[in-house]
Amino acid sequence: MTDHSETIAQLRDAVKKICDDFPGEYWRAKDRERHYPSEFVQALTDMGLLAALIPEEFGGSGLPLAVGAEILKAIHEFGGNAGACHAQMYTMGTVLRHGNPSQKNQYLPGIASGTLRLQAFGVTEPTAGSDTTNLSTFAARQGDKYVVNGQKVWTSRAEHSDLMLLLARTTPKDQIKKRTEGLSVFLLDMRETIGRGMTIKPIRTMINHSTTEVFFDNMEIPATSLIGEEGQGLRYIMSGMNAERILVASECIGDARWFVKKARDYACERKVFGRPIGQNQGIQFPIARAFGEMEAANLMTERAAQLYDQGKPCGTQANLAKLLASEASWHAADTCMQTFGGFAVAEEYDIERKFRETRLYQIAPISTNLILSYVGEHELGMPRSY
Ligand SMILES: Cc1cc2nc3c(=O)[nH]c(=O)nc-3n(C[C@H](O)[C@H](O)[C@H](O)COP(=O)(O)OP(=O)(O)OC[C@H]3O[C@@H](n4cnc5c(N)ncnc54)[C@H](O)[C@@H]3O)c2cc1C
């Protein structure tokens, strides 16, 4: 396999420079107002960083997933938050793998240059929850269009995106043979649908994540919005899940690095009872343990990315990477909090904000229990638990 270590070193430098221009005060202000970090996303776009995985023929860098993962890791390690834009990096994978040549030519160059924002991914519904096969948003074919009715929830960045990848039912549930069938993927142009059958309502959350509810009321979209074959949408979405898990795991590793460094530096410099607090094993050992968990999770994430880039099965590794990395970042966050004592809860140290932000990863994009059930069933051969 090609050695990308030099590219990774250059990309890390580029990310660090951008993150240095967007220090804690920037993120704190955005967090306070729940504003989208447009300037930061634009800076990443201008450097082509979000187009890393798009093939060169469509204007991207054509880099492997392992390198994309290092970009996201670095963003979090250097204090940024890729949650505002990571979808631009990987949601296009469904179009790339399953779209027809005309769809690829129409959309991928714009996504690569950033003139077209593909940030929104509409899968989760309020009633179905984690049981995606139970979703009920319906797209009915009528001549050369589909008419969509239903509702999505937690559709992040919908207000900051031009396009949405939408998973909807196209065959009623009682007419399908397998529960994984009857769902289809659409690439819809929200510039055409907002206010014309589509309504977006922001959800205020404990983190600044620009997430929303989206309602479809007789929304008409051209039949050409369908990606691939009708009824095969779940398979297409699932084929992108491993990449998503590996990339999100990388963000967690970046967070863990940020917390461990912050805790380590403070433990060395803060003196109480006449000595650095890091001299006490009660402070030093949890930081060392958090470091160990982070390194182990990083190895699993790198392994999963390597298998993915080799085109080998990586479901277990991608799921375990997400599980271990989200727990490592959370343990590092908690350790950092305890190390800082009272100052941890003061906004200006950024710890309480990052603490809130990193907690999300145990819930989304997939919650820990669902990962454990995947591993229990697919790796360990135990009975399906749901
Ligand atoms: C901030 C945020 C952003 C998000 N962004 C997006 C987005 O852009 N697009 C999108 O489509 N979705 C998005 N999501 C949705 C996210 O993927 C879901 O919240 C997540 O998959 C969990 O689904 P749920 O919230 O419906 O929980 P539920 O499915 O209701 O589950 C609740 C709890 O029960 C557990 N549980 C459920 N079933 C079982 C079982 N059989 N065995 C054991 N435990 C079980 C779950 O693990 C979870 O802990 C986002 C969510 C959040 C909070």
field: The lone exception for residue 79 - which of (1) part of a loop (DSSP other than H, G, I, E, B); (2) in the same structural domain as residue 210 (by TED's automatic domain parsing) it fails
entry: (2)
- prompt: From the residues in the stretch 81-107 that are under 13 Å from residue 165 (Cβ atoms) and free of Cβ contacts under 8 Å to residues at least 60 places away in the same chain, which one is nearest to the ligand (Cβ to nearest atom)?
  reply: 88
query: Only one residue in 113, 130 is in contact (Cβ under 8 Å) with a residue 60 or more places away in the chain, farther than 30 Å from residue 49 by Cα and surrounded by fewer than 18 Cβ atoms within 10 Å (Cβ to Cβ), so which one is that?
result: 130
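Is it the case, given these coordinates, that residue 153 is within 12 Å of the ligand (Cβ to nearest atom), in contact (Cβ under 8 Å) with a residue 60 or more places away in the chain, within 19 Å of residue 199 (Cα to Cα) and surrounded by fewer than 21 Cβ atoms within 10 Å (Cβ to Cβ)? Show your work before the answer.
On the way: within 12 Å of the ligand (Cβ to nearest atom): yes; in contact (Cβ under 8 Å) with a residue 60 or more places away in the chain: yes; within 19 Å of residue 199 (Cα to Cα): yes; surrounded by fewer than 21 Cβ atoms within 10 Å (Cβ to Cβ): yes.
Criteria met by residue 153.
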- prompt: Somewhere in the stretch 134-149, is a residue in contact with a strand residue (DSSP E or B) (Cβ under 9 Å, 6 or more places away or on another chain), in contact (Cβ under 8 Å) with a residue 40 or more places away in the chain, within 13 Å of the ligand (Cβ to nearest atom) and at negative phi?
  reply: yes
message: For the stretch 174-216, which positions are in contact with a Gly (Cβ under 7 Å, 6 or more places away or on another chain) and within 20 Å of residue 86 (Cβ to Cβ)?
response: 185, 209, 214
task: Quickly run through the stretch 21-37 and pick out the residues that are surrounded by 13 or more Cβ atoms within 10 Å (Cβ to Cβ) and assigned to a helix (DSSP H, G or I).
output: 24, 26, 27, 28, 30, 31
- prompt: Of (1) touching a helix residue (DSSP H, G or I) at 6+ places or on another chain (Cβ under 7 Å); (2) under 18 Å from residue 238 (Cα atoms), residue 87 satisfies all except one. Which?
  reply: (1)
- request: Might you check whether a residue that is in contact (Cβ under 8 Å) with a residue 60 or more places away in the chain, surrounded by 15 or more Cβ atoms within 10 Å (Cβ to Cβ) and outside the structural domain of residue 39 (by TED's automatic domain parsing) occurs anywhere in the stretch 175-186?
  value: yes
- prompt: Tally time: how many residues in the stretch 370-386 are part of a helix (DSSP H, G or I) and without any contact (Cβ under 8 Å) to a residue 24 or more places away in the chain?
  reply: 3
- request: Could you figure out which of (1) over 26 Å from residue 208 (Cα atoms); (2) exposed (fewer than 14 other Cβ atoms within 10 Å of the Cβ); (3) more than 13 Å from the ligand (Cβ to nearest atom); (4) more than 21 Å from the chain's Cα centre (by Cα) isn't true of residue 341?
  value: (1)
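For the stretch 250-263, indicate whether the set of residues that are touching a Leu at 6+ places or on another chain (Cβ under 7 Å) and either among the aliphatic types (A, V, I, L, M) or without any contact (Cβ under 8 Å) to a residue 60 or more places away in the chain (or both) is non-empty. Show your work before the answer.
Taking the stretch 250-263 first, the residues touching a Leu at 6+ places or on another chain (Cβ under 7 Å) are 250-251, 254.
Adding the requirement that they be either among the aliphatic types (A, V, I, L, M) or without any contact (Cβ under 8 Å) to a residue 60 or more places away in the chain (or both) leaves none.
The answer is no; no qualifying residue exists.
The values are calculated or read from the model by the stated rules, or taken from the named source; none is laboratory data. Given the structure is predicted, the values throughout are model-derived calculations rather than measurements. For neighbour counting, all protein chains shown are included, and Cβ atoms are generated from backbone atoms with ideal geometry for every residue, glycine included.
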